[in-house]
Amino acid sequence: MQSQIFLVSLALMFLLALVFVRGVVAPGAPLEATRVNRQRSWLLWGLVMIGLVLSVASLRSWPHRAAGAEVLVVNVSGGQWWWETDTTEIPLGQEVEFRVTTEDVNHGLGIYTDDMTLITQVQVMPGYTNTLVHTFEQPGRFHLLCMEYCGVAHHDMVNEFQVVEVQ
Amino acid sequence: MSRAGAYTLTAVVVAATGLYAATDGLRALTAEAARRVQIQETRPAVPPFVVEGLQGRRHALRPDSNQVVMVEFIYTTCPTICQTAGGDFAALRDRAVDRGLPVRMLSVSFDPAADGLSELRDYADRHGADGDVWSVARLRPADLQDALRFFRVKAVPDGWGGYQHNAAVLLIDPDGLLVAAYDTGDFDRILAHVEQLS
Amino acid sequence: MNTVLLSTLCFGAALVLQPMARLDPVAHMLLQYPVLGVSGYLLGLKMPTAPDLRGPLLVLGITCVGFWMLPRSLDAALDSPGMHLAKLVTLPLLAGLPLGMSVPRVGAVLRGFLKAQSLSMLGVLSFLYSHAPIRICNSYLIEDQQRLGAGFLWLAGGLSLLWAVPLFLGHSLMPDLLLQRKKHHDLC
Amino acid sequence: MRTLSQIPDNAAQQSATKTAAVIKLSIGLSGVVFLLMMIFGLIMRAAQAGWVDLDNALFYQLLTAHGAGMVGTATFSGAAIMWYFLARHVALNATVYIAFLGLFLLGVVLVLGSIFIGGFGGAWNFLFPLPALSGGIWEVGAAVAFCLGYISIGVGFLLYYLEVGYKIARAYGGLLGGLGWRFVWHGDVSRAPPPTVIAAASVTIFNSIGIIFGAIVLVATIVNLLFPEFAIDALMAKNAILFFGHVFINASIYMAVTAVYEVIPEYTGKPWKVSRVFVIAWAVVVIFVQGVYFHHLLQDVNMPKWSMVVGQVMSYGSSVVLIAVTVYSTAVYLKGAAIKWDLSLRLLVLGVIGWGVGTIPAFIDGMVAVNKIMHNTMWVPGHFHTYLLLGEVAMAFGFAAWLVRGRAIRETSALDRFAFGAYVAGGGGFVLMFLWSGASSIPRRWAVHYAQWQLQSQLATVFATVVVLATALLVAGYLRGLLRRGTEQ
């Protein structure tokens, strides 16, 4: 997922820079005013249309999933500088709702696969319970990393759990 | 510097000093914080107030000898803050007993009209105040106003028949001086202070 | 003459509000305080001031307002007759009056700065009163304290409209700004 | 020697000279601080690369200093640029600028003192309640000093915007007049205010609002530090901080772009025209800049749904406005004009491209679904380094080069060409490493990187070294230029 996002971003960034530089250095007279206006309108309305499609497509199914009826609740609490979970083994394919709290400052709960790919995350804030719903499709070891800067041992605020196949 | 500038600067210094003094050296913005700071600094002697205990027996609020008294003001029908305070007081008692501190604890009702002896007994049973270290009592109506003023306890009717009031644990040292006020849950600091007094 | 009458009326209104102020912090801080201040401010508008004294007067007025905004002062004004009297005297004479003598006569940038600062201070107060887990005033209920917090926010909103609209539209509801614009046009 | 005919203009001229002098000083200071902060950044990247052994507390102090220093200096240099050009259109009082400069420097001293003497390492965005809960690394006093430093800087900026706002309101019939909104529907748009005035009015509005919110949360934080019983709601505090921070850093670039409006016409010979689209674009900016901040809170699931939708849609909308108006117009103005590409023009145009290109990873991360796996990874510094390092900072150096260039536009010297090339190549590589790191799930603001993450950091360190060298050349060139022009006069 991340690599696709990366490639799309790079492509768009290079495209924009390229079109700009090519447009500027290309020989020829300055554009006439009417042509500029027409071109700008096309650009503007084109981008707006793309935006509409993109917004509807990406927001229609709300990215922060709500939990279904069969959900397994996992309580996670965090503090300077530790994570604690009440469940260390999560069944494969089971929908899980993480309820995350902190006892001191803001943290961010990032869930990483064993090869250190971030698969989902949620912010953790004092005075609030933040929920994160996820279904694990792969068994194995997963890591909890802190995503929100929380002080001098921010990078040591890690823990792990297992996703196990159940018979 | 211009004259206007010099005047203004002087005014700022005077104003900052004034506000510093008005907040007890940036320690107290609220009346409650001010009460705590001022108690610690002035250590007033507790007048000979008399309270009425669970058996109807009267005794002094001041400590007998070599004893520290912890007082909190309550009213027994309170649904929220006094219940928390009661729970805190029980926890405090357990810790004080564990440490073997010479301490007497009193929960004193500031609402003697509503709190009869049976209400006080209920409250004592609910929180396990067995009268050994911790007992429950009420102020005599004659002492009520003076005591509330002395301890700076303020109870505001909440419109539901109860009160909102400034709950705290007040410490009276063996010489009968009121020496400190703490949050009811501030166990470590309270016990450290008691240890130092006894 | 008119000013003195208006100022007296404000002061009278403050006295009438006293029973309400005892029960309700919103009436106390957002009604009685302001009318007391305004009663002095109106007088201050008419007082001649040496330019050198504008700075100190401004500082005096702000400090006095700041003092009475402290939650403990609010409590003290209700608990001690001396502080009650002090409030009735100092809010008009040591807050309103010096502010009336200085604020309309300082430069536009400084005045704008004072307005922006009062908006953020109201925001801070709203923040503290509406979300403090403790009772800030011993004399008032916690629900009323939260209402006061919301009141500060409404006041901030109202004032920001009052102050921003003239700046956006270029003509003013405020007489002193109007005056300045006229001067500017005369220069042109 | 003074002649009679010069006397009436004397005051105005003196004021202009004074303004030019303080602006040159500000830009010089900005250049030096940019360079210093880049070196801090380089050290951090080298530490993450495993090449330098850095104490964790010191790493996070450098992180805090780098963030606060860069945001402050970017906005400061933007403010210097805008003041310089706005003074061409309205009479600004140089004393206000000097007060602004003084308060800014006082704030810098307090912030640096709190970090390097007090040990404060709560990051530039001082997220409540971190300043109060350091885990024993810094004392309350350091956190208070840090907040006071910010307040001093904020007060300075507030004075700056009040002066700008009042002068625009007076000269153009209110701030709405300065924004030129009445030309959107009818009227002869050629009579609209000049682009710099429209930009200045717009930035004045949104950044003043941002500063007021910043002051609220800063004072509330100080009250909480001194009187811990006054807790503040963490979600409200976060909203206020991010609103303030977002608007403030955006203001930097929206102010710096006035250099593009005023300087590029000197090269193309065509004035930067105000069109209806231009007026609308700046109207959209006023609103969107404030609404976009919600995209920082997409993982705060207690925020209302609508705020996330607004964050996502406005992120994209801001990019559209920027690309279709500012970037496109720049290209149109440059196309077919007989131009001598000197250092100043190169840097200014780089600034426009970098800004436009940088919004792409920004709005992509602003999508709630993407944010779920990109938020608080290195992607975030990746996108904002693109439009700051290759955008705002490039514009600031372009303005600096323009300030000290001779009266005649000359072709770029070999040294300048080298510095520019190194800046583009080093900067481009550097931000790409950030984005790649983000795509590799590397979290941001980690003092220590796992071994499998170090390659990206190592390459970034190399690129950062190139950027630092290029920047040193640019700063040296500016200072040399100042000396040369000083002796010429």
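The values are calculated or read from the model by the stated rules, or taken from the named source; none is laboratory data. Quick caveat, the model's predicted, so the values are computed rather than measured. Using ideal geometry, Cβ is built from the backbone for each residue, glycine included, and neighbour counts are taken over all protein chains shown. Please note that ligands, DNA and RNA were not included when accessible areas were found on the heavy atoms of the full protein model with its side chains. Shrake-Rupley method; radii C 1.70, N 1.55, O 1.52, S 1.80 Å.
Quick notes on this structure:
- Under 15 Å from C:K87, Cα to Cα: aspartates and glutamates that are on another chain or at least 8 residues apart: C:D75, C:D79
- With the simple spin-label model, which puts each label point 7 Å out from Cα in the Cβ direction, the A:V53 to B:A192 separation comes to 6.6 nm.
- Exposure ranking of C:M83, B:M70, D:M433 by accessible area [1.4 Å probe, largest first]: C:M83, D:M433, B:M70
- Rg followed by Dmax, in Å, when region D:71-144 is reduced to its Cα trace: 16.5, 52
- Overall Cα dimensions of region D:22-488, principal axis frame, Å, largest first: 59, 48, 45
- Stokes-Einstein D (µm²/s) once Rh is taken as the Kirkwood radius of region D:18-93 over alpha-carbon pairs, at 25 °C in 0.890 mPa s: 175
- For A:D86 and B:D158, the FRET efficiency from 1/(1 + (r/R0)^6), where r spans their Cβ atoms and R0 equals 25 Å, is about 0.10.
- Applying the criteria of a DSSP loop state and at most 10 other Cβ atoms within 10 Å to the chymotrypsin sites (Phe, Trp or Tyr not before Pro) of region B:111-165 yields B:W160.
- Ratio of Rg to Rh for region D:340-489: 1.07 [Cα atoms; Kirkwood radius as inverse mean 1/r over pairs].
- Dimensionless Rg/Rh of region D:274-361 - Kirkwood Rh, Rg from C-alpha atoms: 1.10
- From its DSSP helices (H runs of at least four residues, each -39,500 (n - 2.57)), chain D gives a residue-normalised ellipticity at 222 nm of -25000 deg cm²/dmol.
- Accessible surface ranking that places the most exposed of D:F146, A:F14, D:F420 first, with a 1.4 angstrom probe: A:F14, D:F420, D:F146
- Relative counts (whole %) of C-alpha pair distances in the protein assembly as shown, using bins that are 20 Å wide: 11, 37, 34, 15, 3, 0
- Angle in degrees between helix D:276-291 and the longest Cα principal axis of chain D, rounded to the nearest 10: 20
- Qualifying lysines (Cα of each under 20 Å from Cα of D:K305; at least 8 residues distant if same chain): D:K238, D:K372
- Loop-resident trypsin sites (Lys or Arg not before Pro) (DSSP state other than H, G, I, E or B) in region D:267-363 with no more than 14 further Cβ atoms inside 10 Å of their Cβ: D:K340.
- Based on every Cα atom in region A:1-59, Rg and the maximum pairwise Cα distance Dmax equal 15.3, 44 Å.
- Estimated inter-spin distance, D:K340 and C:L153, nm [label 7 Å along Cα→Cβ]: 6.0
- Annotation for region A:1-71 versus region B:7-54: alpha-carbon center distance of 62 Å.
- Nearest-ten-degree value, helix A:33-59 long axis tilted from longest Cα axis of chain A: 20
- Among the residues of A:29-40, the average count of other protein chain beta-carbon atoms within 10 Å of the residue beta-carbon is 3.
- Per residue, the convex hull volume that the Cα atoms of chain C enclose (Å³): 122
- Once the Kirkwood radius over Cα pairs is known for region B:134-184, the Stokes-Einstein relation at 10 °C and 1.306 mPa s delivers a diffusion coefficient of 125 µm²/s.
- Alpha-carbon radius of gyration plus Dmax, which is the widest Cα pair, for chain A in Å: 23.0, 74
- Extent of region B:60-135 along its three principal axes (Cα atoms, max minus min coordinate, largest first): 34, 24, 18 Å.
- For region D:10-99, trypsin sites (Lys or Arg not before Pro) meeting the loop criterion (DSSP other than H, G, I, E, B) and having at most 16 other Cβ atoms within 10 Å: D:R88.
- Gap separating the Cα centres of region D:412-434 and region C:42-56, nearest whole Å: 59
- Rounded tilt (10° steps) of A:2-25 against the dominant C-alpha axis of chain A: 20
- Square roots of 5 times each gyration tensor eigenvalue, C-alpha, chain B, largest first, Å: 37, 20, 15
- Take every pair of alpha-carbon atoms less than 8 Å apart whose residues are at least six positions apart; their mean separation over the length of chain C yields a relative contact order of 21 percent.
- Chains A and D together bury roughly 6600 Å² of accessible area, counting both sides, with a 1.4 Å probe on protein heavy atoms only.
- C-alpha center-to-center spacing [region B:146-182, region D:299-371] in angstrom: 61
- Rolling a 1.4 Å probe over the heavy atoms of the protein chains gives the protein assembly as shown an accessible area of 41 Å² per residue.
- With all protein chains in place and a 1.4 Å probe, the accessible surface of region D:22-488 carries 69 percent carbon and sulfur.
- Derived from the Cα gyration tensor, the three semi-axes of the equivalent ellipsoid of region D:255-408 are 33, 17, 11 Å, largest first.
- Per-residue mean of foreign Cβ neighbours for D:129-136 is 5 (Cβ atoms of other chains, 10 Å radius).
- The candidates A:M1, D:M378, C:M121, arranged from most to least accessible area with a 1.4 Å probe in the full protein assembly, appear as A:M1, C:M121, D:M378.
- When all alpha carbon pairs of region A:72-164 are counted in 10 Å bins from zero, the resulting P(r) reads 18, 55, 24, 2 %.
- Solvent-accessible area buried by pairing B with C, both sides, nearest 100 square angstrom, 1.4 angstrom probe: 1900
- Of all lysines in the structure, those lying under 28 Å Cα to Cα from D:K24, and not within fewer than 8 positions of it along the same chain, are D:K167, D:K270, D:K273, D:K340.
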